[in-house]
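Worksheet: one structure, shown below.
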Amino acid sequence: MSVNTSTFKRCKPSEWHGRYARIPGDNTVFHLKYVHGRMWPVVFWETEDGTGKCAACDCDAAAELAEAVESAKLKAGGSGGGSFLINEYGQVLVPASDGSGRRFLAGEMTGRLLFENPFDEDQPIDLGDDRDLQPGDPWKLPYVGFPFNLNRRSKIYFYDVDEEGGQTRYPDRQDRSLIQAFRSIRRTGAVRFIVNPFGVVLTKCPVEEEWSPQEEWMPFYVGKIKTNMWFEKENGRA
C-alpha cells in the first residue's frame, strides 16, 4: 500500500502570472468540495462503473491545502469552493470564480497526496505511482493535470494565453526519450497531453486505430518528465 508522505507549505495568496492552462470540464482538475461537513480537496474519476468522487485521504497536508485554496477563492471574490490546479512542481494555482481570468498562488505541495478510492476502499489512489507501467499502458487512475502539447514536428511546447493573446513556449531542452515514448503511442500528428502534480505524463488515444469523430478516447501512460529537460519552475510574478 502507498504511504501518504505529503506536506504543504502555505503562502499568502498572490496573483499568478506564470504558466496556466486547463482542459475544459471537471475531470482534469482538482476541486474544493464539501465532504463530511467540511471543505476538502477532491478529484473526479471517470470509469466504466461511473464517475467517482475521490476525497483526499485525511492528513495535515490535505487540511492545510483546503484552507489555503478556500482563502485564495475568497480573496478572488468567490464563495470558497471550486476548481484549482497543482502543477508539476507542486504549486497550487487557484483561478478566480468571477470570470476575470485572475489566478492565485496558494502554496506548494511536496510528496504524494493520496485520495480515497470509492470503488475499493483498501486501495487508496496514488497519482504518482507508475512503478509497473510502460509507455502505451492504459492509465487506470484519475486523469488530472496540466495540459501541454507535442507538435507535428515532434517538439514539446506550452501554449500560453493571457490578456495580450497567445504565445508558444518551448523548454530549453527537448526530452528525446519522452518524445520517442509519445511516438510509440501516437506515431504522427499533434498530441495534447497532461502532466500531473507528480510528473507523470499522460495522453488520450482512440481505442481503435482508425480515428473517427465518434471514437472513444482512453488515457494512456507515456512516462515522467525530467526537470533538467523541462520548463523551469516559475515564481509567477509579473
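See the values below:
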{"item": "Net lengthening on full extension, ASP129/ASP60 (0.36 nm per residue, minus Cα-Cα)", "result": "22.7 nm"}
{"item": "Whole-number accessible area per residue in Å² for the stretch 121-235, which is evaluated in the context of all protein chains at 1.4 Å", "result": "59 Å²"}
{"item": "Residue of ASN149, ASN228, ASN87 that the Gaussian network model of the chain assigns the largest fluctuation, springs spanning Cα pairs under 10 Å", "result": "ASN228"}
{"item": "Stretchable slack from CYS11 to LYS226, in nm (0.36 nm times residue separation minus alpha-carbon distance)", "result": "74.8 nm"}
{"item": "Three-way shape label, the chain, alpha-carbon gyration tensor, a/c 1.5", "result": "oblate"}
{"item": "Most fluctuating residue given options VAL161, VAL222, VAL195, as computed from a GNM of the chain linking Cα atoms under 10 Å", "result": "VAL161"}
{"item": "Prolate/oblate/rounded label for the stretch 107-186 (Cα gyration tensor, a/c 1.5)", "result": "oblate"}
{"item": "Extension reserve of the GLU216-SER79 stretch, reckoned as 0.36 nm per residue once the Cα distance is removed", "result": "45.7 nm"}
{"item": "Per-residue HN-Hα couplings for the stretch 53-61 [Karplus 6.51, -1.76, 1.60; θ = phi - 60°; Hz; x = Gly/Pro]", "result": "9, 10, 7, 4, 4, 5, 7, 4, 5"}
{"item": "Ellipticity estimate at 222 nm from DSSP helix runs (n ≥ 4, -39,500 (n - 2.57)) divided over the chain, nearest 500", "result": "-3500 deg cm²/dmol"}
{"item": "Rough spin-label spacing in nm, given labels placed 7 Å along Cα→Cβ, for GLU234 and GLN180", "result": "3.1 nm"}
{"item": "Estimated inter-spin distance, THR188 and ASP120, nm [label 7 Å along Cα→Cβ]", "result": "3.9 nm"}
{"item": "Out-of-range pairs (alpha-carbon distance over 27 Å; input LYS33/LYS224; LYS12/LYS204; LYS9/LYS224; LYS9/LYS155; LYS9/LYS73; LYS9/LYS75)", "result": "LYS33/LYS224; LYS12/LYS204; LYS9/LYS155"}
{"item": "Charge dipole (debye, nearest 20) of the stretch 117-156; +1 at Cβ of Lys and Arg, -1 at Cβ of Asp and Glu", "result": "680 debye"}
{"item": "Leading residue at positive end of dipole, the stretch 1-62 (Cβ point charges), from THR51, THR28, PRO13", "result": "PRO13"}
{"item": "Selected from ASP172, ASP58, ASP132 as most flexible by GNM, with the chain as the system and alpha-carbon contacts under 10 Å", "result": "ASP132"}
{"item": "Filtered GluC sites (Glu not before Pro), the stretch 1-70: DSSP coil and at most 12 other beta carbons within 10 Å", "result": "GLU48"}
{"item": "Percent accessible area from carbon and sulfur atoms, the chain, protein chains only, probe 1.4 Å", "result": "45 percent"}
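The values are calculated or read from the model by the stated rules, or taken from the named source; none is laboratory data. All of these numbers come straight from a predicted model, not from anything done at the bench. Cβ atoms come from the backbone with ideal geometry, glycine included; neighbour counts cover every protein chain shown. What goes into the accessible areas is simple: the full protein's heavy atoms, side chains included, and nothing from ligands, DNA or RNA. Shrake-Rupley method; radii C 1.70, N 1.55, O 1.52, S 1.80 Å.
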